[in-house]
Amino acid sequence: MTATDAPGHLAIRGLTKRYGGFTAVDGLDLDVARGELLAFLGPSGCGKTTSLRMVAGLVPASGGRIVVGGRDLTDVPTHRRDMGLVFQSYALFPHLSVARNVAFGLEMRGIGRAEREARVREAIALVRLTGKEEHRPAQLSGGQQQRVALARALVIRPQILLLDEPLSNLDAKLRDEMRIEIREIQQRLGITAIFVTHDQVEALTMCDKVAVMNGGRLEQLGPPLDLYERPATPFVASFVGRINQFRARAAGGIVGLGEARITGAGPAEGPVEVMIRPHRIALRPASAPVEDAEGRLNTVAGTVARTTFAGDVLHYEVAVGDAMIGVEEATRSDAGPVAPGTPVRLSWRPDDTLLFAAVARDGRMRP
Amino acid sequence: MDERKPPLGLILLALPLLAFLLAPVLITIPISFSADPYLSFPPSGWSLRWYRAAFTGGAVLDVFATSVALGLVVTALSLLIALPAAMALVRLRWGWVSAIESFLTAPLLLPAIVLGLAILIVFAPLGLLATFPGLVAAHLVVTLPYALRILSTALAGAPLAAEEAAATLGASPLRVFWRVTLPAIRPGLAAAAALCFLVSFDEVVISLFLTGPRLSTLPVWMFHHVENEADPLVAAVSVLLIALTLVIVLVVDRTAGLSRTFVK
């Protein structure tokens with residue numbers, strides 16, 4: 001494969017992994033530009049970790065190519081791929097000190113003592129663990145251990161940094177800190193990286209691009225904003241962020257919802273999946289004056305079925321015809337929660353209505 | 001480790017059992033200090049003459065040296081053979097792994113006397129009777145299952161992710177083994193080595209078939225000595241053996257942790 005075939009620093013072409021009759025990864029195609037942080041996002045079993053392990057060479061691919069900087073690595077063994085991998089379980093060497101753990105990759109590369117020590121010191125400072133050099137992994141907290149793992153992977157200056165759910169074993173507060181720290185280090189070093197996660201917040205907040213995977217296939221690849229605002233499939237819409245979903249019928253671009261008629265972006269005819277994000281819907285008591293005089297918004301009438309106060313936001317469930325629509329509003333000091341049983345009017349911009357052709361359970365289009 | 005005190009009933013049950021198991025062993029200690037020319041209890045007088053005899057009589061030292069050399073060679077070979085075998089069994093995850101493992105541990109299930117007879121029949125035409133290589137081969141049959149079991153357990157518990165991490169950091173499979181796997185299974189190796197040595201050192205039944213006037217092991221020599229002479233020399237040698245065994249077990253316990261390596 002030539003460099004022109006591989007526009008990205010990392011190019012993955014038709015990458016496939018089969019275990020007997022089961023296809024774990026099915027023809028994955030994507031590029032990662034130099035210095036970019038790409039997330040593999042998806043539920044467990046979607047093939048994201050298997051894909052990462054194929055890139056690292058820990059799992060042999062059943063088909064497809066992996067090309068880094070124009071060089072085909074598909075058949076190169078792990079130890080000659082020059083990739084740094086950070087594991088969910090940290091995977092530190094328990095019998096070695098922090099400094100020796102970090103130095104391991106440099107020793108394997110036969111780098112001389114003076115340079116080795118300088119680079120180890122630098123890497124340990126990068127992850128803010130100076131002073132812990134002689135500690136054993138067991139003496140460190142989970143967050144510190146993960147930072148050692150990060151330093152160990154970075155000190156070899158790998159072509160690609162691979163992160164396999166690196167934050168999953170950390171508590172929530174530490175996770176937030178590490179998220180920022182990993183992103184900062186990755187950007188400062190300008191290193192190309194892949195970040196495997198099942199947590200959409202990690203993918204959206206840290207990464208330049210997100211590859212949403214499901215059932216071994218790539219559902220959508222794009223920047224976080226695109227994924228959120230313009231999901232390509234109902235799966236992406238429901239996996240990234242929370243969303244209302246119900247089935248309806250479209251005719252001439254108009255969708256019937258209870259008594260109301262709404263419009264949105266998507267197929268004009270036939271059965272459709274209607275998806276609307278709860279916080280894009282405005283909820284007003286039916287008695288309040290109509291603000292949308294021009295009728296540009298989608299507006300439906302309903303009755304509040306449940307009100308939940310969650311501090312920052314109020315969650316409502318509103319019965320609209322047969323459907324139950326979730327609404328999320330920021331709490332305000334000048335207006336209290338709307339009580340259950342109150343007739344209300346829901347309105348939102350037509351652009352916020354995502355319409356998808358309804359798909360049967362077996363994955364085919366409905367007639 | 002659980003530091004709870006065991007209930008009184010358990011102690012009351014365990015103490016007689018322990019006494020029952022240890023009494024015959026402990027009785028060798030007073031006999032070994034006997035001044036009598038024959039085995040009797042209680043001795044009519046005390047002396048160190050049998051310890052002197054053990055260290056000055058050429059026969060004891062000769063067979064002791066044979067047994068130690070045999071134990072060391074058998075231990076080294078057991079580890080060299082069992083470690084790659086255990087690696088293959090644990091890591092390759094072949095479908096017929098359990099069949100291979102059963103095959104390799106089968107010698108433990110056979111009566112030693114049958115095994116000894118079988119080995120005698122096979123070794124006789126090969127000229128391996130009463131030879132050092134013959135004894136090594138016969139002992140390996142018995143020690144390999146132990147070594148394989150312990151090393152398989154140790155390898156199954158070794159951190160696979162750390163090995164993968166080492167590979168991504170540029171370590172070839174051989175270096176991964178030396179730098180990551182081996183340190184992780186060191187307690188298992190120590191336990192397997194100690195057990196192999198003790199099993200070989202202690203082996204009587206199979207060795208009986210393979211030893212002769214030219215070459216004998218310490219336990220076989222003791223067996224014949226009791227038959228022929230019945231003097232307290234064997235008691236003195238027994239006490240020395242108990243001491244040696246305790247030292248080995250203690251060393252394993254201090255370096256690797258006995259309960260950690262054997263009980264798993």
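Every read-out reported here was derived from the displayed coordinates using simple, explicitly stated rules and does not represent laboratory data. Just so we're clear, the structure is a prediction, and the values are computed from it rather than from any experiment. Cβ: placed from backbone, ideal geometry, glycine included. Neighbour counts: every protein chain shown.
Across all directions, the average projected area of the convex hull around the alpha carbons of the range B:170-260 is 8.6 nm².
Considering only GluC sites (Glu not before Pro) in DSSP loops that have at most 13 other Cβ atoms within 10 Å, the longest stretch of chain A without any of them is A:1-133.
Each Cα pair under 8 Å and six or more residues apart adds its sequence gap; the mean of these over the residue count of the range A:312-358 is a relative contact order of 26 percent. Taking only Cα atoms, what is the 0 to 90° angle, nearest 10, from helix A:98-108's long axis to the longest principal axis of chain A? The two axes meet at around 70 degrees.
Derived from the Cα gyration tensor, the three semi-axes of the equivalent ellipsoid of chain B are 38, 26, 17 Å, largest first.
The Cα-based radius of gyration of the protein assembly as shown, divided by its Kirkwood radius, gives an Rg/Rh of 1.17. Counts of other chain beta carbons within 10 angstrom of each beta carbon in peptide A:72-79 average 3.
Of all DSSP beta bridges confined to the protein assembly as shown, the antiparallel ones make up roughly 75%.
The range A:285-357 and the range B:50-114 have Cα centres separated by 78 Å. Compared with the rule-of-thumb size 2.2 N^0.38 Å for a compact globular protein, the range B:33-74 has a Cα radius of gyration ratio of 1.53.
When only Cα pairs below 8 angstrom with a gap of at least 6 residues are kept, chain B shows a relative contact order of 29 percent.
Annotation for the range A:76-164: trypsin sites (Lys or Arg not before Pro) lying in DSSP loop with at most 15 further Cβ atoms inside 10 Å of their Cβ are A:109, A:128. Distance from the C-alpha centroid of the range A:39-61 to that of the range B:15-41: 66 Å, rounded to the whole angstrom.
Evaluated over chain A, the count of Lys pairs having alpha-carbon atoms less than 29 Å apart is 6 (only pairs 8 or more residues apart or interchain). Sparse packing (at most 12 other Cβ atoms within 10 Å of the Cβ) combined with a DSSP loop state is found for none of the chymotrypsin sites (Phe, Trp or Tyr not before Pro) in the range A:229-325. Helix A:113-126 and the longest principal axis of the C-alpha atoms of chain A enclose an angle of approximately 20°.
Across peptide A:145-154, the average count of Cβ atoms from other chains found within 10 Å of a residue's Cβ is 1. Sorted on the mean count of surrounding Cβ atoms within 10 Å across their residues, most packed first, peptides B:102-114, A:59-71, B:51-63, B:188-200 read B:188-200, A:59-71, B:51-63, B:102-114.
In degrees from 0 to 90, rounded to the nearest 10, what is the angle of the helix A:172-189 Cα long axis to the longest principal axis of chain A? It is inclined by approximately 60 degrees. Of all DSSP beta bridges confined to chain A, the antiparallel ones make up roughly 75%. Overall shape of the range A:218-357 was characterised from the C-alpha gyration tensor. The equivalent ellipsoid obtained from it has semi-axes of 25, 19, 13 Å, in decreasing order.
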